[in-house]
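Please read the structure below before turning to the comments.
What follows draws every value from the coordinates through simple rules; no lab data is involved. For clarity, every value in this text was computed on a predicted model and none was experimentally measured. Quick reminder, even Gly has a Cβ in these numbers, built from the backbone with ideal geometry, and neighbours come from all protein chains shown.
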Amino acid sequence: MELLALTLLQVLNSIAGLALVSFGLAVIFGMMRVINLAHGEFIMLGGFATVFAHGMGVNIWIAMLVISPLAVGALGLVVERLIIRHLYGRMIDTMLATWGLSLLLIGLATTFFGNRVMGVSAPLGSFALGAYSVSWYEQVILIIVCLLYAAGYALLRFTRWGLMARATMQLPEMAASLGVARTRVFATTFTVGAALSGLAGGLLAPLAGVVPTMGAAYVAKAFITVITGGASVVVGSGISATLLSVVGTGATYLANPVIGDVALLAAAIVLLRLLPTGITGRIFKGYP
Amino acid sequence: MTLNRRTFLQSTAATLAFPVAARHAFAADPIKIAGILDQSGGLDIYGQPMLACLELAVDDLNAAGGLLGRPVQLVKYDPQSNVQYYTQFATEAAVKEKVAAVFGNTTSAAREAMRPLLRRYQTPYFSPALYEGGVCDRNAFLTGSTPAQTIERLMPYALQHSGKKVYVIAADYNYGQISADWIKKYTRSSGGEVIATEFFPLDVTDFGTTIKKIQAAKPDLVVTVLVGGNHMSFYRQWAAAGMLGKIPMASTCFGVGNEHKVLRPAECEGILTAYGYMQELKTPENADFLNRLSAKFGDKTPYVNEMAAATWYAAMHWANGVKAAKTTDRMAVIKALEAGSVVNGPGGKSTLDAATHHCRMDVHLGQVKGGAFDVIQSFPQQPPSDTAAVCDLIKRPNENRQYVITAN
């Protein structure tokens, strides 16, 4: 019974982890059709922001929840103004540009932060679940991810700003002719996406080793999740993170982590074969 | 100045002739050796301290008057954590610089890229990195530890202080898999049992599922063979789950990547390891070694682990060979080393084994305490019994391969 609860909790934690690293990409790729190959490096910089801020004596929650998203969001704004805005509608070109950006950021981080692993300890400690011991911090991440997705959905679905953002993404010319300042909407959306990646990096810093090359470990899974999710940013990523994590964690439990990754990828391939436009291309169509 | 064909040819001929003339003019031109060690890229954390120790070894040799009355000169190459550059630089060192010996490699992949090349170019090769064992090549000398040397001492102690049920988590490539085999063998011979072994690709960062599986399996001891920055997440997540200290941990490679310096004491306190060298060793030789190192590098003095110390040993073994052979000629040096070479250094005594070209070395058992190793016990002259089981260069001197050693 305890073991079942433990397993269930682990599945939820895995879903939260995948949903967290995918959200920033979902906003940037899902809404703006910009293939952001520097997504992993945004996460990496978020991690470094938390490590350095905490090292300078900032409270760890403020470092993770405020400083990381602000720092990476600001970088996102600069990147959008300097590079991305010239490339809207040119999906392949954004891929090339952001890949270059990714290499540049890895190089800069290596030069200035050094090629070594850093990190902070996880706060809060652990609690006992019967005979087992579980980390509090992972449960906090679970709650934060739920709140983030709920807030994202509410923002896009029920606010005037969300409506304008969705309209701009669907038909930029029409939205502009109706008086929406589309450059501002694009810039804001990219900044928000980058900030979400930074937040993910900050929250992961206590669980992972922060190192300039860490992005590579996340970017592929994030892309698979977002593409499997389909057109709807929040609902799609949420559902696909859930499906893929259940398959991946289940296989890891029954076999080993390699089989877990294989199962996750196989599930994504099967899903995309059956639903070529992603899960939300068929069901929950039209939800943000 | 006008440059016509005649003056060009004259000056070129003069330039080309100069080194030949110079070689005869100065009897004490240096003996060149090459250090090919990663100074940048993902593996520089291993390569930088290794090069520092090689530079110190060259200083030590020159301070003692050089070799054969000639100074030793180190030619440094940075392969940038890229195996391609290893082959390129090994070729350059052997063919262009005509070095007397090549020192280097961090990973086994880099070693196996350089080793056949240097054999073909007839340049003695010294590999100082601890690795999975099995290299059998008369042109190569290996001064790092192999699994049998360290795990044979680690497992009995760890089992005695924890219990009999062992859970192994290891990196998913040859080093991790072969080490896992040896852990199983020595667990069994110590009266224990490996209840599960899990392998992780090097890009895995999420160990949540595994940590819960370990808890469900209730082992008495967890043995880690985890490698690299991503795998360091395990220790962090293990501590976050409140497991540190609840189940004891031992490792065959914790600390070589300076894990105990990166992680906080609360994340790795108490982990047991065994190596041929630990900076915390309290011997006069080690104190002297560390003093010389900090005199040379000042506040840039690196933290020295086994791989770095083994690089110093490698240079000293080579110097022994040159001194005994009274020449830098390849076969003479190899034969002199096979006749016996002993180096007393910071980690204790290292004795070259003629049959395997590996080293018998003193192995030290340590436990992480406050971000450093607390040396518990030292075992003198551990033989490389894994490689010795398959490789005999006295009987078969022409062998040139790396055996895959199966422990069981």
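The largest-to-smallest principal axis extents of the Cα set in segment A:246-288 are 37, 19, 11 Å. Equivalent ellipsoid of the protein assembly as shown: semi-axes from √(5λ) of the C-alpha gyration tensor, largest first, are 50, 34, 21 Å.
Couplings 3J(HN,Hα) of segment B:359-365, computed from phi: 10, 6, 9, 6, 10, 10, 9 Hz, in residue order, whole Hz [Karplus 6.51 cos²θ - 1.76 cosθ + 1.60, θ = phi - 60°; x for Gly and Pro]. Phi-derived couplings, Karplus 6.51 cos²θ - 1.76 cosθ + 1.60 at θ = phi - 60°, listed residue by residue for segment A:177-183: 5, 8, x, 7, 6, 5, 4 Hz, with x used for Gly and Pro. Short-range pairs are left out: with C-alpha atoms under 8 Å and at least six residues apart, the relative contact order of segment A:2-215 is 44 percent.
I'd like the Kirkwood hydrodynamic radius of chain B, using the inverse of the mean 1/r over distinct C-alpha pairs, in Å.
Value: 22.3 Å, from the Cα pair sum.
Phi angles across segment B:122-139 convert, under the Karplus curve 6.51 cos²θ - 1.76 cosθ + 1.60 with θ = phi - 60°, into 3J(HN,Hα) values of 6, 10, x, 10, 10, 10, x, 7, 5, 7, 7, x, x, 5, 9, 7, 5, 7 Hz, Gly and Pro given as x. Eigen-decomposition of the gyration tensor built on the alpha-carbon atoms of segment B:148-275 gives equivalent ellipsoid semi-axes of 20, 16, 15 angstrom, largest listed first. The equivalent ellipsoid of chain A has semi-axes of 29, 24, 18 Å, largest first, where each one is the square root of 5 times an eigenvalue of the Cα gyration tensor. Summarising the label geometry, the points placed 7 Å from Cα in the beta-carbon direction at B:LYS296 and A:TRP99 lie 4.3 nm from one another.
Quick one: length gained pulling B:TYR403 to B:MET331 fully straight, 0.36 nm per residue minus the C-alpha distance?
Length gained between B:TYR403 and B:MET331: 23.6 nm.
Any idea which of B:TYR173, B:SER233, B:PHE207 is furthest toward the positive side of the dipole for chain B, if Lys and Arg beta-carbons carry +1 and Asp and Glu beta-carbons -1? Projecting each Cα onto the dipole axis, the largest value belongs to B:TYR173. Contact order, relative form, for chain B: 19 percent (alpha carbon pairs under 8 Å, 6 or more residues apart, mean separation divided by residue count). Relative to the current alpha-carbon distance between B:SER40 and B:SER385, full extension at 0.36 nm per residue lengthens the span by 120.8 nm.
Which of A:TYR88, A:TYR153, A:TYR218 moves most in a GNM of chain A, Cα contacts under 10 Å? The residue with the greatest mean-square fluctuation here is A:TYR88. Any aspartates and glutamates with Cα under 20 Å of the B:LYS164 Cα? List them, leaving off those in the same chain fewer than 8 positions away. In chain and number order, the partners are B:GLU152, B:ASP181, B:GLU193, B:GLU198, B:ASP220.
Spatially, segment A:75-115 and segment B:261-277 are offset by 37 Å when compared through their Cα centroids.
Between A:SER177 and A:THR159, the simple label model (points 7 Å from Cα in the Cβ direction) yields a spacing of 2.8 nm. Under the simplified labelling scheme, the A:LEU129-A:VAL270 pair shows an inter-label distance of 2.6 nm, with each label point 7 Å from Cα along Cα→Cβ.
Applying both filters, DSSP loop and at most 16 other Cβ atoms within 10 Å, to the trypsin sites (Lys or Arg not before Pro) of segment A:1-95 gives A:ARG33, A:ARG90.
Taking amide H as placed 1.01 Å from N in the peptide plane, B:VAL223 has its amide H under 5 Å from the amide H of B:TYR167, B:VAL168, B:ILE169, B:ALA250, each at least 5 places away in sequence or on another chain. For the residue pairs B:LYS246/B:LYS282; B:LYS165/B:LYS218; B:LYS165/B:LYS246; B:LYS76/B:LYS296; B:LYS184/B:LYS349; B:LYS165/B:LYS212, the C-alpha atoms sit more than 19 angstrom apart in B:LYS246/B:LYS282; B:LYS184/B:LYS349. Reducing segment B:60-125 and segment A:152-206 to their Cα centroids gives an inter-centroid distance of 56 Å.
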